[in-house]
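Worksheet: the structure to be examined is printed underneath.
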Amino acid sequence: MIIDGKKTAAELREGLKKKVAELKSTYNAVPGLTVILVGDDPASKIYVKNKEKFAKEVGMNSEVIRYPADIEEKKLLNKINELNKNDKTSGILVQLPLPKHIDKRKVIETIDHTKDVDGFHPMNVGNLSSGYSSSIPCTPLGCSLLLKKVEKNLSGKHAIVIGRSNLNGKPMTQLLLKENCTVTITHSKTKDLKAECLRADIIIAAVGIPKLVKGDWVKKGAIVIDVGINKTDSGIVGDVDFDQVSKVAKAITPVPGGVGPMTIACLLRNTVECFKKAHYK
Ligand code: GUN
């Protein structure tokens, strides 16, 4: 089975479109997403454009604030503080990576945690790890929704997460624990990654190494979620060797068309959730 992230994301957006219309008739207001883009990293520019496009498509207000790469940190923080106070802004996302002179941590911590649609604020990170309600980072949330499409009950499954980033690996681990999986977190210093992968019922590859996971690394019948987006001479490839692994796995996400589209759909979902929490108070 090839897990169709494009279709699942479109379904999710369709549901959100209805929800946004309902919210509009109830509150006479719609969720608003503000994305801040600093500099002109080509990949970030594409991501941000897509975020804006899909937010508008589901009927939200969408705003992109663009700053040059040499913007003063203070100016960026002031803008975030202004957005924190603006009722029309339900969610704030500062696109990463940021230029070196800007302290990423300060930026993340300045965003009001109730508007943190990325789920990167320490309050949300802590709430997620304690099992409390929180914004959940969009990429692992998308992975989790795709996993649940294949198998509703993940309890007792052995999952391996390759990569320990704050964006993916660590929050993914929390989501898998919530589903009662036994989780192994691996990274660049892991001794025998192949052996670790072979023990797993679920593999989440989020490490940024093209086609790292080979066919003989995967147990027959495993579910494989590929978070990688790697530019190579032969185009965009994931962290999984799709041709090899698709012959062994029970289900696998393609790249592109797997996790990628889900990330943006989950961002919109998080924005709707932030709006709802702000209005139910
Ligand atoms: N850059 C790449 N992925 C992400 C993401 O999920 N959120 C933000 N803010 N920046 C990113």
**OP:** Working only within the stretch 127-138, note down all residues that are surrounded by fewer than 19 Cβ atoms within 10 Å (Cβ to Cβ) and hydroxyl-bearing (Ser, Thr, Tyr).
**Re:** Ser129, Ser130, Tyr132, Ser133
Original post:
Only one residue in Ala55, Ala69 is under 13 Å from Val38 (Cα atoms) and of a type outside the set (Val, Ile, Thr). Which one?
Top reply: Ala69
Subject >> Answer residue from the stretch 109-120, given it is among the β-branched types (Val, Ile, Thr) and over 13 Å from Asn78 (Cα atoms) and is nearest to the ligand (Cβ to nearest atom) among those >> reply: Val117
Original post:
Looking only at the stretch 76-111, which residues are buried (at least 18 other Cβ atoms within 10 Å of the Cβ) and either in a loop (DSSP other than H, G, I, E, B) or touching a strand residue (DSSP E or B) at 6+ places or on another chain (Cβ under 6 Å) (or both)?
Top reply: Leu83, Thr89, Ser90, Gly91, Ile92, Leu93, Val94, Gln95, Leu98, Ile102, Val107, Ile111
Original post:
Where residues in the stretch 148-189 are at pLDDT 95 or above, among the small types (Gly, Ala, Ser) and farther than 16 Å from Ser129 by Cα, which of them is nearest to the ligand (Cβ to nearest atom)?
Top reply: Gly163
Original post:
Going by the structure shown, is Lys104 more than 16 Å from the ligand (Cβ to nearest atom), within 18 Å of the chain's Cα centre (by Cα) and without any contact (Cβ under 8 Å) to a residue 60 or more places away in the chain?
Top reply: no
Original post:
What number of residues in the stretch 222-281 are surrounded by fewer than 16 Cβ atoms within 10 Å (Cβ to Cβ), within 16 Å of the ligand (Cβ to nearest atom) and among the basic types (Lys, Arg)?
Top reply: 1
Original post:
Can you name the residue in the stretch 86-101 that is over 18 Å from Thr271 (Cα atoms) and more than 16 Å from the chain's Cα centre (by Cα) and, of all such residues, is nearest to the ligand (Cβ to nearest atom)?
Top reply: Leu98
Subject >> Residue satisfying all of: in the stretch 33-47; assigned to a loop (DSSP other than H, G, I, E, B) and crowded, with 17+ Cβ neighbours inside 10 Å; farthest from the ligand (Cβ to nearest atom) among these >> reply: Gly39
Original post:
Which condition breaks for Asn124 when tested against (1) surrounded by 14 or more Cβ atoms within 10 Å (Cβ to Cβ); (2) away from the ligand (no atom under 16 Å from the Cβ)?
Top reply: (2)
Original post:
If you go through the stretch 147-156 one residue at a time, do you hit one that is touching a strand residue (DSSP E or B) at 6+ places or on another chain (Cβ under 8 Å) and farther than 20 Å from Ala249 by Cα?
Top reply: no
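The values are calculated or read from the model by the stated rules, or taken from the named source; none is laboratory data. None of the values given here were measured: they were computed from a predicted structure. Neighbour counts run over all protein chains shown; Cβ positions are idealised from the backbone, glycine included.
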